[in-house]
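Before any comments, here is the structure.
No value in this document is a laboratory result; all are computed from the given coordinates. Keep in mind the model is a prediction, meaning the values are calculated, not measured. Positions of Cβ are generated from backbone atoms using ideal geometry, with glycine treated the same way; all protein chains shown enter the neighbour counts.
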Amino acid sequence: MIVSFRQAGGFAGLIRGCELDTSIMPAGEADALRGLVQQSEVERAGSTDQSRGRDVEVYEIVIRSGDREHRVRFDEMTLPEGLEPLIDFLRARARPAPPR
């Protein structure tokens, strides 16, 4: 499974992101990521990004597993509570990223 994460916006307008591949991650981290993805039910979620607020952070998650891909986008005001642990895990591993 490959999980791509992108966080943009906020007061400073910074863009951060990461791409995590469970096949090359340390086993404990890979298991934690798979567990958080399953627990969050992100693969069943639909996007709810409204991005109307000023300085609102926007999160995009893309999960690729085999030939399947699921993409969701939320802002910090519409982020489902169940996704917070996954977002925290991904944010801790995110690094500055170039704009698209």
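Just a few scattered comments:
- Net length gained if the chain between Asp31 and Leu14 were fully extended (0.36 nm per residue, minus Cα distance): 3.2 nm
- The chain: angle of helix 27-40 to the longest principal axis, Cα-based, in degrees nearest 10: 60 degrees
- The Stokes-Einstein estimate for the chain, based on a Kirkwood radius over Cα pairs and taken at 4 °C with 1.567 mPa s viscosity, is a diffusion coefficient of 94 µm²/s.
- Virtual spin-label span in nm between Glu69 and Asp55, 7 Å along Cα→Cβ: 3.5 nm
- Options Gly9, Gly28, Ala92, ranked by Cα towards positive dipole end of the chain, top entry (Cβ charges): Gly9
- Counting 0.36 nm for each residue step from Arg93 to Arg44 and taking away their Cα separation leaves a gain of 15.3 nm.
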